[in-house]
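Undergrad: This is the structure I want to talk about, given as C-alpha cells.
Just so you know, all these numbers are worked out from the coordinates, no wet-lab data involved. In this text the structure is predicted, and so the values were computed from the model without any measurement.
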C-alpha cells in the first residue's frame, strides 16, 4: 500500500520548516526547546511572534515536527 503524502503546508510554515530544520539539527540529538524554536524564527526577523507560534503549531499538527518532553525534533 502506498504511503500517504504529507499534508501540504502554508508558505509561512514551509519557510519556518527550512529555518527550523537547521536549528534543530544543530541541537544534535537533544532536540530544540519549543521556546528557543519560536525565538529563533523571531530573531531572524522573518517572522512575528504570532507567525512563529502558528508555524510551529502547524508543523507539529501536520507531522513535520514532533515534540518530546518540550523538545522539538524534525520528523524523519
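Undergrad: For the chain, what does the relative contact order come out to in percent, with C-alpha contacts under 8 Å and a separation of six or more?
TA: Value for the chain: 35 percent.
Undergrad: Which value results for Rg/Rh of the chain when Rg is the Cα radius of gyration and Rh the Kirkwood radius based on the inverse mean 1/r?
TA: 0.97
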